[in-house]
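The values are calculated or read from the model by the stated rules, or taken from the named source; none is laboratory data. Not measured: the values here are computed from a predicted model. Cβ placement follows ideal geometry from the backbone for every residue including glycine, while neighbour counts extend to all protein chains displayed. Please note that ligands, DNA and RNA were not included when accessible areas were found on the heavy atoms of the full protein model with its side chains. Shrake-Rupley method; radii C 1.70, N 1.55, O 1.52, S 1.80 Å.
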Amino acid sequence: MIPNPLVKKLAASQTVLGVAVRQARTVDIARIMKTAGYDFLFIDTEHTPVPADVVSQICQAALGSGIAPIVRTPNLERVHAIHALDSGAQGLVFPHVENADEARHIVDICRYAPAGHRSMAYGLPHVEFASHDPRELMDFVNRETLIAVMLETPQAIERCEEIAAVPGIDILHVGTQDLSAEMGIPGEVGAPAVAQAIAQVSRACAAHGKVLGVGGCYEPEFIRRYVTREQARFFVVGSDLGYLLGAARAQAAKVRASLEHQG
């Protein structure tokens, strides 16, 4: 059985850092990002058309690399959640969750009985495809699967208390990019209004024993603020696309500057 490294770290009140996987389509991304120092892959199937078989391959490579494969689903539909979970994901992040009813639906499709009604599947990559006692398997997978819901609108923030109260939800993840856009201040992820929203979600998490996450906020200054002030501990701090473009642009500019100076 392959434990979820994030479960232990979050239980020990550690801060975990993830990288959004948007462009990568090969399994080496798992070891690359593990070597780079990340705790989890945030495999994004909401904003990118990553095929299910590619998600499965990356998840299984991550399981063998010590970096947790976490998949952001495209929506709240059962089929997408089950495909990712049965393919090796150790956690799911659901976008645009607005209320407690949606959170309860998510738990229902992702947790095995009695916590939910997830359909049984055997030969899971999480247990090296081996056969196990059904109850032992269900208990292990329920315990090692992290379920996060994204709060991305002012309406969701207003209902964060009722969402946090839903059993089976582990993380309330504030999507600062969409939230700032909905607030009419797109991209201002460090704005006072966004900080106030995160503080509100933080209080709800503290009251119900949930982990606070923040996404779309990459500046160390803001991340440090949300860790120290709001006890946020689950962050997505960059993407493979951003790193590829940033490093490529910097190298091209450096070489061109050197050539111009030489000339």
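From largest accessible area down, sort MET33, MET1; use a 1.4 Å probe on the protein chains.
Numbers: MET33 15, MET1 80 Å².
The ordering from most to least exposed comes out as MET1, MET33.
Need the C-alpha centroid separation for the range 193-218 versus the range 7-68, integer Å.
23
Give the lysines reachable from LYS9 as a straight Cα distance under 27 Å; neighbours fewer than 8 places away on the same chain don't count.
LYS34, LYS210
Leaving out ligands, DNA and RNA, what percent of the accessible area of the chain is carbon and sulfur, probe 1.4 Å? Display every interim value, and only then the final one.
Numbers: 6550 of 12050 Å².
Carbon and sulfur together cover 54 percent of it.
Which whole-number value in Å² is the accessible area per residue of the chain, probe 1.4 Å? Numbers along the way, then the final one.
Details: 12050 Å² over 263 residues.
Ligands and nucleic acids excluded, the result is 46 Å² per residue.
How do MET183, MET150 rank by accessible surface area computed with a 1.4 Å probe, from largest to smallest? Provide the component values of the computation, followed by the final result.
Working: MET183 65, MET150 5 Å².
Largest accessible area first, the residues go MET183, MET150.
Using a Förster distance of 35 angstrom, determine the FRET efficiency expected from the C-beta separation of ALA11 and GLN251, and round it to 0.05.
Working: r = 41 Å, r/R0 = 1.16.
The pair ALA11/GLN251 has a calculated efficiency of 0.30.
Specify whether the C-alpha gyration tensor of the range 149-223 places it in the rounded, prolate or oblate class, a ≥ b ≥ c being the square roots of the eigenvalues: rounded for a/c under 1.5, otherwise prolate if a/b is larger than b/c and oblate if not.
Prolate.
With an 8 Å cut-off on Cα pairs and a minimum separation of 6 or more residues, tell me the relative contact order of the range 17-105 in percent.
Numbers: 148 pairs, mean separation 23.8, N = 89.
Over the range 17-105, the number comes to 27 percent.
With unit charges on the beta carbons (Lys and Arg positive, Asp and Glu negative) and the dipole taken about the Cα centre of the chain, which residue among PRO74, GLY175, SER258 sits farthest to the positive side?
Toward the positive end, the furthest listed residue is SER258.
As a test of reading the structure, rank ARG159, ARG104, ARG203 by solvent-accessible area (1.4 Å probe, protein chains only), most first. Mind showing how you got there, number by number?
Working: ARG159 90, ARG104 125, ARG203 150 Å².
The most accessible residue leads, giving ARG203, ARG104, ARG159.
Under the definition of Cα pairs under 8 Å and six or more residues apart, what whole-number percent is the relative contact order of the chain?
Numbers: 477 pairs, mean separation 48.3, N = 263.
Relative contact order for the chain comes out at 18 percent.
For the range 23-33, what does the Karplus curve 6.51 cos²θ - 1.76 cosθ + 1.60, with θ = phi - 60°, yield as ³J(HN,Hα) per residue in whole Hz, taken in order and with x for Gly and Pro?
Using θ = phi - 60°, the values come out as 9, 5, 10, 10, 5, 5, 4, 5, 5, 4, 6 Hz.
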